[in-house]
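First comes the structure, then the notes that go with it.
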Amino acid sequence: MLAAAAAILAEAGQPEVLRFWPRLSEGERRSLAAAVEQLDPAELRDHCRAAARAAALPPGHEPGPHSGPQTLQPLPPGVVGSAARAQPAELNRWRERGLQEIGEGRVAVLLLAGGQGTRLGVPYPKGMYDVGLPSGKTLYQIQAERIHRVRTLAAERTGRPCPLPWYIMTSEFTLGPTQSFFSQHGYFGLPQADVVMFEQRMLPAVGFDGKVIMEGMGRIAMAPDGNGGLYRALTDHGILDDMERRGVCEVHVYCVDNILVKMADPVFIGFCVERGADCGAKVVGKAYPTEPVGLVVCRGDGIYQVVEYSEVEVGATMQRRNPDGQLTFNAGNICNHFLTVAFLKAVAGEFEAQLKPHVALKKVPYVDEDGNCVKPEKPNGIKMEKFVFDVFQFSKNFAVWEVLREDEFSPLKNAESVGAKDTASTARRALLWQHYRWALQAGAHFLDHSNNRMPACTQLRETDDPPVVCEISPLISSAGEGLEERVKGREFHPPLLLTE
């Protein structure tokens, strides 16, 4: 046990991992040895060396995959479609094509849910979070019910029941709680066989000295390898084989924290399929030039990528505007993607090794030489992560679908105490505003306490609650469709909770 672990760590240049071995219990020794034996010594050596090189750079100059001088170009109009600018006939055609693909069992949904709720201040996965809706629904439940709804729409389109498998990539931290949560809630009515959970790999956190950080005397500090760990995980757990057995050809990939996400969005899928895209990205217009979001751009060599705001100094480039006043570089990445299974297989088999990690400085709890636990007040370690969208560069036919932020993007990232951005309050408001607008568009009227009709107010104000509380179950409508028969011409006293 000791000899095998020591040999791996010696080859990796990390013998210090075993420095507390004499002080460990037998169980702790077995656990640590097992963890070490899961590591590839050559990969661990390269991982730690890369972290040490990053740590040696001046603050703010840590390398990323796209660091260094670049010639950035805005997206060519030929690859971009827009929900706001498309004609109704086009939208309907793409929607019908997407529903046909779903109805024929060619589509799957893939959720990236490996992160913990640390920034939210909760000890459980983000998907289990309740943002305070009248229904009390969590993100997982909202997303499950949206899958129900799109399955229903596709079945109506094709005239037969259709599967829509939901693959959920978790991490060591989130797999157990997520499995238990889904089991306790009966998989929210979805067939259990169609909800497939799998784990991404974990990587050791590394100190600025290039040494593995120990969070306990017998525990290595580990972190998920970023949502770009998806491509290894697909191979590790046979997910691509499972997709092929099911006949899946197209996959909608998204992050767990966006409360407005459209599950297996038929319009997005239809748009990408019609264009023959192997890879596609949804984007939103930037709220302001310096908004800290990644940008989908084209490099000078015609390769597409996401440039992270923290990785590249672009200066006045980000302030540049077109003659119509719109920002030239305006395609904000929201981690919402279309990927064909054929493209995923090519990435997993050929290109994954070419993905370069992003560097993140983190405050990593550790044990000092006396074995005392320490919670650092400033960054003391480096985590190396790959991002899911770094595969855009390998696409042979890339497509971009621009959507309105108020329709499709409101992430949940921060605790209320941190600030007013991307919190439970902003996510809840975004959803309630959306449902209020849907109700008005479907012909509903709201009454005040004196039974007078309230004037319609559709101007979204991020910091204000909508004038009335209106929540619509995703089982009834996933994008505002099908509400007229329930609300047109009717008058309601708020709050209104439309349930199935």
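Hey, does segment 307-329 have a residue that's in contact (Cβ under 8 Å) with a residue 40 or more places away in the chain, under 30 Å from THR170 (Cβ atoms) and in contact with a helix residue (DSSP H, G or I) (Cβ under 9 Å, 6 or more places away or on another chain)? Give the derivation first.
Filtering segment 307-329 down to residues in contact (Cβ under 8 Å) with a residue 40 or more places away in the chain leaves 307-308, 310-312, 314, 317, 326-329.
Applying the additional criterion that residues be under 30 Å from THR170 (Cβ atoms) yields 307-308, 310-311.
With the extra rule that they be in contact with a helix residue (DSSP H, G or I) (Cβ under 9 Å, 6 or more places away or on another chain), the set shrinks to none.
No, there is no match, as no residue in segment 307-329 is in contact (Cβ under 8 Å) with a residue 40 or more places away in the chain, under 30 Å from THR170 (Cβ atoms) and in contact with a helix residue (DSSP H, G or I) (Cβ under 9 Å, 6 or more places away or on another chain).
Looking only at segment 134-161, which residues are of a type in the set (S, T, N, Q) and assigned to a loop (DSSP other than H, G, I, E, B)? Spell out the reasoning first.
Of all residues in segment 134-161, those of a type in the set (S, T, N, Q) come to 135, 138, 141, 143, 152, 158.
Hit for segment 134-161 is SER135, nothing else.
From the list ILE303, ILE220, ILE213, pick out the single residue that is within 22 Å of THR170 (Cβ to Cβ) and either surrounded by fewer than 23 Cβ atoms within 10 Å (Cβ to Cβ) or assigned by TED's automatic domain parsing to the domain that holds ALA108 (or both). Working first, answer last.
Numbers: ILE303 fails: within 22 Å of THR170 (Cβ to Cβ); ILE213 fails: within 22 Å of THR170 (Cβ to Cβ).
None of the other options fit; the residue is ILE220.
List the number of the failed condition for ALA360; all other conditions in (1) assigned to a strand (DSSP E or B); (2) surrounded by 22 or more Cβ atoms within 10 Å (Cβ to Cβ) hold.
All conditions pass for ALA360, except number (2).
Within segment 167-199, can you find the residues that are part of a loop (DSSP other than H, G, I, E, B), free of Cβ contacts under 8 Å to residues at least 60 places away in the same chain and within 24 Å of ASP241 (Cα to Cα)?
Selection gives SER171, GLU172, LEU190, PRO191.
Go over the candidates ARG245, ARG160, ARG232, ARG219 one by one and state the one that is touching a Gly at 6+ places or on another chain (Cβ under 8 Å) and not acidic (Asp, Glu).
Numbers: ARG245 fails: touching a Gly at 6+ places or on another chain (Cβ under 8 Å); ARG232 fails: touching a Gly at 6+ places or on another chain (Cβ under 8 Å); ARG219 fails: touching a Gly at 6+ places or on another chain (Cβ under 8 Å).
After ruling out the rest, the residue left standing is ARG160.
Of the residues that make up segment 119-130, is at least one surrounded by fewer than 18 Cβ atoms within 10 Å (Cβ to Cβ), at pLDDT 95 or above, closer than 27 Å to ASP407 by Cβ and touching a Ser or Thr at 6+ places or on another chain (Cβ under 7 Å)?
Of the residues in segment 119-130, the ones surrounded by fewer than 18 Cβ atoms within 10 Å (Cβ to Cβ) are 119, 121-124, 130.
If we keep only those that are at pLDDT 95 or above as well, we get 130.
Still in the list and also closer than 27 Å to ASP407 by Cβ: 130.
In the following step, the residues that additionally are touching a Ser or Thr at 6+ places or on another chain (Cβ under 7 Å) were identified as 130.
Checking segment 119-130: at least one residue is surrounded by fewer than 18 Cβ atoms within 10 Å (Cβ to Cβ), at pLDDT 95 or above, closer than 27 Å to ASP407 by Cβ and touching a Ser or Thr at 6+ places or on another chain (Cβ under 7 Å).
Could you say which residue among VAL400, VAL367, VAL374 is of a type in the set (Val, Ile, Thr) and within 17 Å of VAL253 (Cβ to Cβ)? Break it down stepwise before answering.
On the way: VAL367 fails: within 17 Å of VAL253 (Cβ to Cβ); VAL374 fails: within 17 Å of VAL253 (Cβ to Cβ).
Sole residue among the options that is of a type in the set (Val, Ile, Thr) and within 17 Å of VAL253 (Cβ to Cβ): VAL400.
Only one residue in LEU240, LEU164 is assigned to a helix (DSSP H, G or I), touching a residue at least 12 places away in the same chain (Cβ under 8 Å) and in the same structural domain as ALA346 (by TED's automatic domain parsing), so which one is that?
On the way: LEU164 fails: assigned to a helix (DSSP H, G or I).
The unique qualifying residue is LEU240.
Given segment 386-500, what strands (runs of 3 or more DSSP E) lie entirely inside it while holding 1 or more residues that are surrounded by 14 or more Cβ atoms within 10 Å (Cβ to Cβ) and within 27 Å of the chain's Cα centre (by Cα)?
Working: elements: 398-402, 470-472, 496-498.
Where strands (runs of 3 or more DSSP E) fall fully within segment 386-500 and carry at least 1 residues being surrounded by 14 or more Cβ atoms within 10 Å (Cβ to Cβ) and within 27 Å of the chain's Cα centre (by Cα), they are 398-402, 470-472.
ALA424 versus (1) in contact (Cβ under 8 Å) with a residue 24 or more places away in the chain; (2) hydrophobic (A, V, I, L, M, F, W, C); (3) in contact with a helix residue (DSSP H, G or I) (Cβ under 9 Å, 6 or more places away or on another chain): which is the lone unmet condition?
(3)
Within segment 223-252, count every residue that is buried (at least 24 other Cβ atoms within 10 Å of the Cβ), within 20 Å of ALA193 (Cα to Cα) and within 17 Å of the chain's Cα centre (by Cα).
3
Going by the structure shown, is ALA287 touching a residue at least 60 places away in the same chain (Cβ under 8 Å), aliphatic (A, V, I, L, M), touching a helix residue (DSSP H, G or I) at 6+ places or on another chain (Cβ under 8 Å) and surrounded by fewer than 17 Cβ atoms within 10 Å (Cβ to Cβ)? Give the steps one after another, and end with the answer.
Numbers: touching a residue at least 60 places away in the same chain (Cβ under 8 Å): yes; aliphatic (A, V, I, L, M): yes; touching a helix residue (DSSP H, G or I) at 6+ places or on another chain (Cβ under 8 Å): yes; surrounded by fewer than 17 Cβ atoms within 10 Å (Cβ to Cβ): yes.
Yes: the conditions hold for ALA287.
The values are calculated or read from the model by the stated rules, or taken from the named source; none is laboratory data. Note that the coordinates shown come from a computational prediction; the quantities given were computed from them, not determined experimentally. Neighbour counts run over all protein chains shown; Cβ positions are idealised from the backbone, glycine included.
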